[in-house]
Structures are given as C-alpha cells and as structure tokens.
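J.: The structure under discussion is supplied below as structure tokens; questions concerning it will follow.
Rule-based calculations on the coordinates, nothing more; no lab input. Everything quoted here is computed from the prediction, not taken from an experiment. Cβ coordinates were reconstructed from backbone atoms using ideal geometry, including for glycine residues, and neighbour counts include every protein chain displayed.
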Amino acid sequence: MDDSGDLASAYSDDSVLFRVLRHLGWDSLANIGYFTPPTLPFAALTGPVPFQRRLVRRSLALLDARPGQLVLDAGCGRGDTTARLGAAGCRALGVDIQPAQIDQARRRFGGLSGVRFAVADATALPQRAAEIPLTDGSFDRVHCLEAAFHFGHEGRRSFLSESFRLLRPGGRLVLVDVTSRTDQPIGTLDPNGLVRGTWRFDDIEPCERYPLMACAAGFTTRRILDWTTPVLHRAALLCALFVG
C-alpha cells in the first residue's frame, strides 16, 4: 500500500481539491457517488452526499451481511460504512492505514455497539486488530469501497489473498474499485496528473485482470457490475458544471 503519510494529504485540507470537495459536502464519506440521470441536475444543489450514500447502499446490498456476522471493512476511512454495518447488527471491524482517519472514525462511531476500528494495512494484516483475531477463516464478509486503487497492483493481489485467507468457506468479498478498460498507462488516462497527484496513486487495475487475480487468490467470481457511467462519467459531468 502507498505510504500512509503521503496518502493522508490526499484526504486532508492540505489538498486544494479536497478543500473544495469538503465545501461541496464531502466529510464522513469520501467516495465518488452513484448518479442517475433524473437526479443528476439536483446534485449541483444538494452536493455529493446523497449520491455517496447511494453508492454505499448499493455496495452494502451486494455484501448482504447478516446480523451477528463478523465483517472486515477494509480502507474504512472515517468509518461511515463500518458504522452502517454495526447498525445492521454485524460485528464490524474497520481498518485503514491512515491514523488520522481512524481517529476520526473512533470519535464519530467508536461508541457504537459491535463497531471497532484499527490502524492496519489491508494488504498485510496483523494477527490482531482492535483485540479481534485476524485468523484464517474467521470472517464472514470483507468489504472494500473505493480504496483498492491506492494499493498498487501487487498490493491488490495481496489484498485479495488476505481476504480469501480471512473468509470462512462460503464467505463473501465485495470490492468496488476504479479500473481501466484496457492495460494502458495511467498517464494516458490522467495526462496532467491531477487525479493521481490529488489522491496519491500511480496505477489502476485493468478491469479484465481483476477476475483473474481473484481466481488466483481462490475466489469464485459471482457477479461483476460496471458502474463506470453512473459513478465516473456522471461525476465528471457534475465536476464540469463547477469548473465550467
């Protein structure tokens, strides 16, 4: 995973773009959002939060975590998704490599029943986190929402292997990530480096490679959804409204 100190500046007011995004409403959530054509015009008035929550709901619906199940929320950021899992009756552990993010998650949601947070690298998990053993086959679900693009290619491979190791037979991983359609250099997709420089990452995974990596880790891929248009394309249209 990328260096946590460098990555932290991508999600703090050290970043000019992040200051702008926070002004628009980013706070406890930092995902892009899920936008539909009928609601897109309202985004300029409401800000991104309703659409970020919609993406979270869709991701957690795929996870289908049940009350009492033990769930790892990898790259949990400020803890909103972990708190939602706890509110649904799960025993939820949120991990993030950035101490500042975990501090905020604990302040906001640390008092909730069944919710724990720990500073940990999702690509190389410790033996225990927040007093919860991270032993083989000990978790029912693993969730990772728009965090794995930070891991780098080898980090994503390691994360998939760690997730498979952690899950019980019949367990489920839901991974929502930013991918490319081809194995083209990231510089051709982000020639000015604005996105890479702001969010501190060097590559994104070609979408066709993910199922191969998951299979190599031991997973059976049950479902692949392409959310490029509702997430990336419509978010770009929204950004153009503010920039233009």
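J.: Can you give the alpha-carbon Rg of region 135-179 over 2.2 N^0.38 Å, where N counts its residues?
T.: Normalised Rg, Cα atoms only: 1.13.
J.: Listed highest first by mean packing, meaning other Cβ atoms within 10 Å per residue, what order do 140-150, 54-64 come in?
T.: 140-150, 54-64
J.: What is the extension gain from residue 64 to residue 225, computed as 0.36 nm multiplied by their sequence separation minus the C-alpha to C-alpha distance, in nm to one decimal?
T.: 56.4 nm
J.: I've got another one for you. Which value in nm describes the separation of the simple spin-label points at residue 107 and residue 36, placed 7 Å from the Cα toward the beta carbon?
T.: Distance between label points: 3.5 nm.
J.: In nm, to one decimal, how far is the modelled label at residue 181 from the one at residue 131, with both set 7 Å along Cα→Cβ?
T.: Between residue 181 and residue 131, the simple spin-label model gives 5.1 nm.
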